[in-house]
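**Q** This is the structure I have questions about; it appears just below.
The values are calculated or read from the model by the stated rules, or taken from the named source; none is laboratory data. Remember, it's a predicted structure, so these values are computed and weren't measured experimentally. Virtual Cβ from ideal backbone geometry, glycine too; neighbours counted across all protein chains shown.
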Amino acid sequence: MNMANKIIIAGGGTGGHIFPAIAIANALKKLDPQIEILFVGAKGKMEMEKVPQVGYKIEGLDIAGFNRSSLIKNIGLPYKLVKSFFQVRRIFKSFKPTGVIGVGGYSSFPVLRFAQSQGIQSFIHESNSFAGRSNILLGKKATKIFVASDGMEKFFPAQKIMITGNPVRESISKSNVSREEGIKYFGLDPRKKTVLSIGGSLGAKNINEAIDKHIDEFAKNDLQLIWQTGKSYVTKAKSIATGKTGVWADDFITQMDQAYAAGDVVISRSGAMAIAELCVVKKPVVFVPFPYAAEDHQTVNAKNLVDKNAGVMIKDSEAIDKLVEVIISLSTNEQKQHELITNISKLGVLNADEIIAKEIMDTLK
């Protein structure tokens, strides 16, 4: 290989797309320190802030996805799509990628579509057990498709699929933070059982309202709470937490390795990346799937674990009444915790990023 490889990684929108993309980028850099990597994201989305923080360049497209709830907001979409294709063409002209990787999210589609029209090798990473529509379309012409679970032939050409699992951030997969250090990081008491509630990178309304409504139950049952709220609920949660010694609340947890170490039992959405991380950190979890995810894939993801006795699931619509009761009962049931931990830890994959990076480099040779 005499030319340096130049890779575009496209996608984002949520932590579930961004963190694996960064993990893949880091793994590629390890294999080939000369490689040049450029991220392409959607303007106004989370990746525009998170990617530069870890030292990669990113270009933003003017694209917003299809709005499921409001037709009027979709009127500008064809214009934005056309505009984003011109932006993509300009990026390709100046960067000249040798390969592109799509991780899902708005910007994936125009970037991979353009690469395929130019005969540039394209790779897809599909993190969910239910493939998104744009990935299904792109899969027909993709070079290789990396998936997290088996049974993906219903969405993609079987000969292109490679089961790799989902890349987990190194800070989590290689963490050696102890439970005590984690709990002290949040200013809590290591002698008490701790509930960790993570509503995903964008927050979770019904999880927040459930905790809010039953906040006193935690102290009554001698439990502490680490409560990640998302931006829209943070002010309310902080005022509730004021004066309560056993409650830590904030909109985003930057040190997730500390949080996972601290949590004895966990409340979580069931996005693919949250699940991948929870399998690696081996925690007993009550999943509350986000019901409006495309094709309700979070429910599919959670059921996958419940069927293996590797997690507990509560519907979002029932969370306000049932969630706190269920998490408290799990926190006192050592036997159930042990079963869940044993089964979820069988599903953890530690080196998906390395497997994906190696396969991409071998294909591009």
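**Q** Could you run through region 253-291 and say how many residues are of a type in the set (S, T, N, Q) and surrounded by 24 or more Cβ atoms within 10 Å (Cβ to Cβ)? I'd like the intermediate steps shown before the answer.
**A** So in region 253-291, the residues of a type in the set (S, T, N, Q) come out as 254-255, 258, 268, 270.
Filter again for surrounded by 24 or more Cβ atoms within 10 Å (Cβ to Cβ), leaving 268, 270.
Qualifying residue count for the region: 2.
**Q** Here is a further query. Residue by residue through region 1-31, note down the ones that are surrounded by 16 or more Cβ atoms within 10 Å (Cβ to Cβ) and assigned to a loop (DSSP other than H, G, I, E, B).
**A** Asn5, Gly11, Gly12, Gly13, Thr14
**Q** For region 307-333, name all the residues that are farther than 19 Å from Ile207 by Cα and aliphatic (A, V, I, L, M). Step through it out loud before you land on a result.
**A** Filtering region 307-333 down to residues farther than 19 Å from Ile207 by Cα leaves 307-310, 332-333.
Across region 307-333, the qualifying residue is only Ala310.
**Q** Being surrounded by fewer than 20 Cβ atoms within 10 Å (Cβ to Cβ) and under 19 Å from Thr164 (Cβ atoms) is the filter here; which residues of region 305-359 pass it?
**A** Correct list: Ser345, Lys346, Gly348, Val349, Leu350, Asn351, Glu354, Ile355, Lys358, Glu359.
**Q** Same structure again: Among the residues of region 69-77, is there at least one that is of a type in the set (Ser, Thr, Tyr), over 23 Å from Ala23 (Cα atoms), at pLDDT below 90 and surrounded by fewer than 24 Cβ atoms within 10 Å (Cβ to Cβ)?
**A** Checked against the condition, which is being of a type in the set (Ser, Thr, Tyr), over 23 Å from Ala23 (Cα atoms), at pLDDT below 90 and surrounded by fewer than 24 Cβ atoms within 10 Å (Cβ to Cβ), region 69-77 yields at least one hit.
**Q** Something else: Any idea which residue in region 176-226 is nearest to Thr245 (Cα to Cα), counting only those that are among the hydroxyl-bearing types (Ser, Thr, Tyr) and at pLDDT 95 or above? Walk me through it before giving the result.
**A** Step one: filter region 176-226 for residues among the hydroxyl-bearing types (Ser, Thr, Tyr), giving 178, 185, 194, 197, 201.
After this cut, where a residue has to be at pLDDT 95 or above as well, the list is 178, 185, 194, 197.
On the way: Ser178: 21, Tyr185: 14, Thr194: 13, Ser197: 17 Å.
Ranking the candidates gives Thr194 first.
**Q** Something else about it: Looking only at residues in region 95-144 that are in contact with a helix residue (DSSP H, G or I) (Cβ under 6 Å, 6 or more places away or on another chain) and charged (D, E, K, R), which one is farthest from Lys365 (Cα to Cα)?
**A** Step by step, filter region 95-144, then rank; the result is Glu126.
**Q** Mind counting the residues in region 32-54 that are surrounded by 16 or more Cβ atoms within 10 Å (Cβ to Cβ) and in a helix (DSSP H, G or I)?
**A** The number of residues fulfilling the criteria is 4.
**Q** Further question on the same structure: Looking at Asn343, Asn309, Asn333 in this structure, which one is at positive phi and modelled with pLDDT of 95 or more? Working first, answer last.
**A** Working: Asn343 fails: at positive phi; Asn333 fails: at positive phi.
Matching residue, one of Asn343, Asn309, Asn333: Asn309.
**Q** Being small (Gly, Ala, Ser), more than 16 Å from Leu323 (Cβ to Cβ) and out of contact with any helix residue (DSSP H, G or I) (no Cβ under 6 Å at 6 or more places or on another chain), is that true of even one residue in region 193-207?
**A** Within region 193-207, none of the residues are small (Gly, Ala, Ser), more than 16 Å from Leu323 (Cβ to Cβ) and out of contact with any helix residue (DSSP H, G or I) (no Cβ under 6 Å at 6 or more places or on another chain).
**Q** State all residues of region 19-44 that are among the aliphatic types (A, V, I, L, M) and touching a residue at least 40 places away in the same chain (Cβ under 8 Å); if no residue qualifies, say none. So that I can check it myself, show each step before the final result.
**A** First pass over region 19-44, keeping only residues among the aliphatic types (A, V, I, L, M): 21-25, 27-28, 31, 35, 37-38, 40, 42.
Matches in region 19-44: Ala21, Ile22, Ala23, Ile24, Ala27, Leu28, Leu31, Leu38, Val40, Ala42.
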